[in-house]
Every structure is written in C-alpha cells, then in structure tokens.
Amino acid sequence: MTIKNWFFLVAFLLFFFGGTIFLPAYYTYYIIAQNGFWALSSLVMVVFTALISYLSLDFIAGKWKETA
C-alpha cells in the first residue's frame with residue numbers, strides 16, 4: 001500500500017468510527033446528563049447507540065473477513 005492509500009484508510013476509519021460510535025455515545029451522554037438515565041429519551045438513545053455501534057463493528061468485521 002502506498003502512503004496515499006494509508007492516508008485514505010486512516011481517514012475513513014476515523015470518520016467511520018467517529019460518526020458511528022463516538023458521536024452517538026457523546027449525544028447519549030449529553031441526554032443522560034440532562035434528563036437522567038431512566039427518562040424515555042435516554043433509554044431510547046442507549047438502545048440506539050448500542051445498535052449503531054454493533055452494526056458498524058459488524059460491518060467492518062464482515063468486510064475484514066471477506067478480504068482475509
């Protein structure tokens with residue numbers, strides 16, 4: 001792999017994991033801090049964050065297995 005390919009790979013992974021794991025986790029933290037854990041909006045965000053994180057990791061693992 002060239003330097004250009006490595007750069008694009010790292011940039012893609014940063015944006016991918018930032019947008020699918022870290023950003024939803026931050027918003028979940030913010031909603032829990034504002035409303036408390038047992039509020040409906042907080043519970044929905046916890047489920048949403050867990051689902052999005054699982055699906056994004058499953059996608060990356062599936063693509064990894066295809067190329068290995």
Do you know which residues across the range 1-53 are more than 21 Å from Trp64 (Cβ to Cβ) and outside any helix (DSSP H, G or I)? Gly36, Phe37, Trp38, Ala39
Is it true that some residue in the range 60-67 is outside any helix (DSSP H, G or I), open to solvent by 40 Å² or more (accessible area, probe 1.4 Å) and free of Cβ contacts under 8 Å to residues at least 60 places away in the same chain? no
Here is a check on your reading of the model: is Phe17 of a type in the set (Phe, Trp, Tyr), surrounded by 10 or more Cβ atoms within 10 Å (Cβ to Cβ) and under 10 Å from the mean Cα position of the chain (by Cα)? yes
So which of Ile52, Ile32 ends up being without any contact (Cβ under 8 Å) to a residue 40 or more places away in the chain, farther than 20 Å from Leu13 by Cβ, surrounded by 12 or more Cβ atoms within 10 Å (Cβ to Cβ) and hydrophobic (A, V, I, L, M, F, W, C)? Ile32
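The values are calculated or read from the model by the stated rules, or taken from the named source; none is laboratory data. These numbers were taken from a predicted model, which means no experiment stands behind them. Every residue, glycine as well, gets a Cβ built from its backbone with ideal geometry; the counts of neighbours run over all protein chains shown. Just the protein is used for accessible areas: all its heavy atoms, side chains included, with ligands, DNA and RNA removed. Shrake-Rupley method; radii C 1.70, N 1.55, O 1.52, S 1.80 Å.
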